[in-house]
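None of the figures in this text is laboratory data; all of them are computed from the coordinates on show. Source: prediction; values computed, not measured. Here the Cβ is made from the backbone with ideal geometry for all residues, glycine too, and neighbour counts use every protein chain on show.
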Amino acid sequence: MRDRIRREGPISFADFMEMALYDPESGYYATGARIGERGDFVTSPWISPAFAAAIARRFAKDGEKLQGKLDFVEVGAGEGKFLADFAHALARDHPAVASRTRLTAVERSAAARRELAKIPASVRATAEDVSERSIVGWIFANELYDALPVARIRGAEEGLEELRVGVEGDRFVWTAAAAPAGWRDRLARSGVSLAHGQIGEIRPGAADLHRRLARALDRGRLVVFDYGHRARTLYHPLARPAGTLAVHRAGRRGGDPFEEPGEQDLTAHVDWDELVAAGEDEGLESEGPVRQGRFLAESGIFDFVSDDAEKWRVYRLVDPAGMGDEISVLVQSRGIRDRV
């Protein structure tokens, strides 16, 4: 990256983040993201298998309404923790639906795809490998979009500027440049304008990916769990004056995003308005986003608790002071009228 910047000049932080996370040889996810209680961060499937069991219950209810073969596609499947738990719960609790269901994992990391080969699922490298209108069932993603690269922007007297990545000596540094012309209009469509000095993020690839997934759905639902907010909340100048870019390492949140690229996780919150609009542009009907705690409680997640220790793990998933409120769920549907 340093050589590229010295050769070409400052680059977008989206390019920096893309290389830091997804470089096929030394990117954070390519070398094996450290997820779990003793890792850099933890996701809902790693806290309790009850998460997957609750999702399996919701999927099975839809499976009873849809005829013929069913699909369950997880995008950003990692090494398959969620998908393995989901397959187990579906076979245990809903065998008739399980017998009709084909599992597919979409995962760009070659190392993770090798682990996914241990699960009875078809494995795809990218969403482009899933054909349009080919899915009857669910397309599912948990913390997919918050790991997509973001560009950083800042309000300025002349309008909007981009914070790009330069090099001074061996150090990566922020350097300001004029933002692309369309970015201000993109924010304005959501009723957003950054105050002078306010920092935020724009995720260049999110809408295109979401539209592609929406086009892949013939009948069923596109279900997304992620950290995010509606645009007016995400870009509120008092609530988030410095944006939402975060570093995760050794179970801690915070630190320098430029430190040791490839050795730490980088993430930023999702603009739900952008995803809602992208799905609806492709003909999907939206429910939510609603808080994860509410969604899982209404799914009966505590029915899958076997002891007190498991009860407290599940409580972490619905805790309104934690993941229960911090994560939201967007459900978009085609050809299935009942609400999820």
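Could you work out the helix-only [θ] at 222 nm for the chain, with each DSSP H run of four or more residues adding -39,500 (n - 2.57) and the total divided by the number of residues, to the nearest 500 deg cm²/dmol? Could you put the intermediate results ahead of the total?
Numbers: 14 runs with 114 residues, N = 340.
-9000 deg cm²/dmol, from helical runs alone.
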Compute the relative contact order of segment 135-282 as a whole-number percentage, counting only Cα pairs closer than 8 Å that sit 6 or more residues apart in sequence.
30
Using a cut-off of 15 Å between beta-carbons, work out the net charge of the residues near Ser190 (Lys and Arg +1, Asp and Glu -1, Ser190 not included).
0
Where does segment 300-340 land on the Kirkwood hydrodynamic radius, alpha-carbon pairs, in angstrom?
12.2
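Over 14 Å apart: what share of the alpha carbon pairs of segment 1-67 falls there, rounded to a whole percent?
On the way: 1623 of 2211 pairs.
Cα-Cα pairs of segment 1-67 separated by over 14 Å account for 73 percent.
I want the antiparallel fraction of DSSP beta bridges within the chain, as a percent rounded to 5. Don't skip to the end; give the middle numbers.
Working: 37 of 63 bridges.
In the chain, approximately 60 percent of DSSP beta bridges are antiparallel ones.
Convert 25 °C to kelvin, take the viscosity as 0.890 mPa s, use the Kirkwood radius over C-alpha pairs of the chain as Rh, and evaluate the Stokes-Einstein diffusion coefficient in µm²/s, rounded to a whole number.
Working: Rh = 20.8 Å.
Diffusion coefficient, whole number: 118 µm²/s.
Could you estimate the translational diffusion coefficient of segment 118-211 from the Stokes-Einstein equation, with Rh from the Kirkwood formula over C-alpha pairs, at 10 °C and 1.306 mPa s, in whole µm²/s? Intermediate results must be reported in sequence, preceding the final value.
Working: Rh = 16.4 Å.
This corresponds to a translational diffusion coefficient of 97 µm²/s.
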Val173 versus Glu280: modelled label distance in nm, points set 7 Å from Cα along the beta carbon direction
4.5
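On full extension of the chain, what length is gained from Glu259 through Glu37, given 0.36 nm per residue of separation minus the C-alpha to C-alpha distance?
77.7 nm
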In nm, spacing of pseudo-spin labels at Glu132 and Glu157 (7 Å Cα→C-beta vector)
4.9
If you average the sequence gap of Cα pairs under 8 Å that are 6 or more apart and divide by the length of the chain, what percent do you get for the contact order?
21
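What is the order of Ile153, Ile47, fewest Cβ neighbours within 10 Å to most? List each step's numbers first, then the result.
On the way: Ile153 24, Ile47 17.
So the residues, fewest neighbours to most, are Ile47, Ile153.
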The base-10 log of I(q)/I(0) that the Debye equation returns for segment 55-119 at q = 0.27 Å⁻¹, one scatterer per C-alpha, is -1.13
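Of the DSSP beta bridges with both residues in segment 181-274, give the percent that are antiparallel, rounding to the nearest 5.
Among the beta bridges of segment 181-274, antiparallel pairing accounts for roughly 60 percent.
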Positive end of the charge dipole of the chain (Lys, Arg +1 and Asp, Glu -1 on Cβ, about the Cα centre): tell me which of Ile47, Gly191, Leu90 has its Cα farthest that way.
Leu90
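Filter the GluC sites (Glu not before Pro) in segment 105-141 down to the DSSP loop ones having no more than 12 other Cβ atoms within 10 Å, then list what survives. Don't skip to the answer; put the middle values down first.
Values: sites: Glu107, Glu115, Glu128, Glu132; in loops: Glu107, Glu132.
Of the GluC sites (Glu not before Pro), the ones in loops of segment 105-141 whose Cβ has at most 12 other Cβ atoms within 10 Å are Glu132.
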Above 22 Å lies some portion of the pair distances; for segment 88-173, what is it as a whole percent of all C-alpha pairs?
54
When the dipole is taken about the Cα centre of the chain, and only Lys, Arg (+1) and Asp, Glu (-1) are charged at their Cβ, what size is it in debye, to the nearest 20?
740
Of the trypsin sites (Lys or Arg not before Pro) in segment 68-104, which ones lie in a loop per DSSP and count no more than 13 other C-beta atoms within 10 Å?
Lys69
Using only alpha carbon positions, build the gyration tensor of segment 1-146, then give the equivalent ellipsoid semi-axes as the square roots of 5 times its eigenvalues, largest first, whole angstrom.
33, 17, 12
Placing unit charges on C-beta atoms (Lys and Arg positive, Asp and Glu negative, everything else neutral), compute the dipole magnitude of segment 1-134 about its Cα centre in debye, rounded to 20.
360
